[in-house]
């Protein structure tokens, strides 16, 4: 009797497992397996943006790139992988939304486990160094080929495959994706008018970022300021680059990223990303201007220290942040695609046209503009920072109406903060 029940139970689990795998494989909500496309069933991939950690781990595993883009969502959406400046043959954008330095270090390790990475374009975002920022719950190290010590991860790739194909949580994602495919708004979507959330090369498609923030008109830009203060920079008192002579965890893992690159003879192009001027005004209102300047100095210093440790020349560092012709674009006052900003999707995320200009400078195909892409190092950084302060003053004088609206919103947002 027990043997009969055991056989029935075994058969049930076998059928369930095969059915689960088949369902997740066919719906393929994250675009891994490339089953036959069926419109209204598995063509739409609108769940991808929630699972960029899994997608980027899989993309690196599948592509085995020798060129990599590292950074936050700014680099994910703004830096394309087909720029002519790359010498690497296969370039993948592994940037992660709201990423931490630890995550980027782990994904760089993951890439090295598959190939010799020749080049990395690494976007540096101040907010990624906020010590209050924790690794997202979607970050799962079982997706990565090696552990933090560089050793083959136990159970890889079985655990990774289980999470992607044989898990019930992934079946939930597949069900959500199936519902997306059945929505009336997607009924007329086909290859001529639809792109998935991420391209096969890891680049984020901007139209599918959460619409609550993915706007460019001035009213939406101003309302985003409160979120910047509440979410990314709060609590301000805890935004420190280190205490009692010890570097913050973010700085520690940034150092480890550079050390790993120097040890593997990888060419890294470091750049400070170009957010809109509204972001820098918000940062100043939050009392973080001097911390921002100190952060830039520390980015350069750590790069110099790791280069000296490796006995090599420091990686180049270019600054595209601050106040320049790109970042001071006037935010449109009207709503709608016809009135969109030229250079930005929102005040944090620059468009690929700006990313191409960034890469032109990084790869030496164009000269830097005025305070856009200036090479910075230990010898000129103090002078450069003074220049940014002066350009900020000019921005405020030349955009009095826009700055007045910005200052009013900043004052209201700061008044809401706990004292």
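The values are calculated or read from the model by the stated rules, or taken from the named source; none is laboratory data. On a predicted model such as this, the values are computed, not experimentally measured, just so you know. Cβ placement follows ideal geometry from the backbone for every residue including glycine, while neighbour counts extend to all protein chains displayed.
Before moving on, here are some points about what is shown:
- Filter pass, residue 301 being more than 21 Å from residue 277 (Cα to Cα) and in a helix (DSSP H, G or I): yes
- All of (1) surrounded by fewer than 24 Cβ atoms within 10 Å (Cβ to Cβ); (2) out of contact with any helix residue (DSSP H, G or I) (no Cβ under 7 Å at 6 or more places or on another chain); (3) closer than 28 Å to residue 319 by Cβ hold for residue 91 with one exception: (1).
- Any hit, region 78-89, residues being part of a helix (DSSP H, G or I) and at pLDDT 95 or above: yes
- If the condition is being in contact with a strand residue (DSSP E or B) (Cβ under 6 Å, 6 or more places away or on another chain) and either more than 15 Å from residue 267 (Cβ to Cβ) or surrounded by 22 or more Cβ atoms within 10 Å (Cβ to Cβ) (or both), then region 75-88 contributes 75, 76, 77, 78, 79, 81.
- Of all residues in region 182-196, those that are without any contact (Cβ under 8 Å) to a residue 24 or more places away in the chain and on the phi < 0 side of the Ramachandran plot have Cβ atoms under 6 Å from Cβ atoms of residues that are surrounded by 12 or more Cβ atoms within 10 Å (Cβ to Cβ) and in a loop (DSSP other than H, G, I, E, B), 6 or more apart or on another chain, in 195/205.
- Residue-level check: of (1) out of contact with any helix residue (DSSP H, G or I) (no Cβ under 6 Å at 6 or more places or on another chain); (2) part of a loop (DSSP other than H, G, I, E, B); (3) buried (at least 20 other Cβ atoms within 10 Å of the Cβ), residue 388 misses just (2).
- Only residues that are under 15 Å from residue 406 (Cβ atoms), assigned to a helix (DSSP H, G or I) and over 20 Å from the mean Cα position of the chain (by Cα) were counted in region 250-288, giving 4.
- Yes/no for residue 268 being modelled with pLDDT of 95 or more, surrounded by 18 or more Cβ atoms within 10 Å (Cβ to Cβ) and touching a helix residue (DSSP H, G or I) at 6+ places or on another chain (Cβ under 8 Å): yes
- Qualifying residue in region 328-343 (condition: under 19 Å from the mean Cα position of the chain (by Cα) and in a loop (DSSP other than H, G, I, E, B)): yes
- Entry remark, region 60-74: residues being surrounded by fewer than 21 Cβ atoms within 10 Å (Cβ to Cβ) and not in a helix (DSSP H, G or I) number 2 in total.
- Verdict on residue 57 being more than 22 Å from residue 349 (Cβ to Cβ) and either touching a strand residue (DSSP E or B) at 6+ places or on another chain (Cβ under 6 Å) or buried (at least 23 other Cβ atoms within 10 Å of the Cβ) (or both): yes
- For region 285-315, the set of residues classified as farther than 25 Å from residue 256 by Cβ and in contact (Cβ under 8 Å) with a residue 40 or more places away in the chain consists of 285, 286, 287, listed by residue number.
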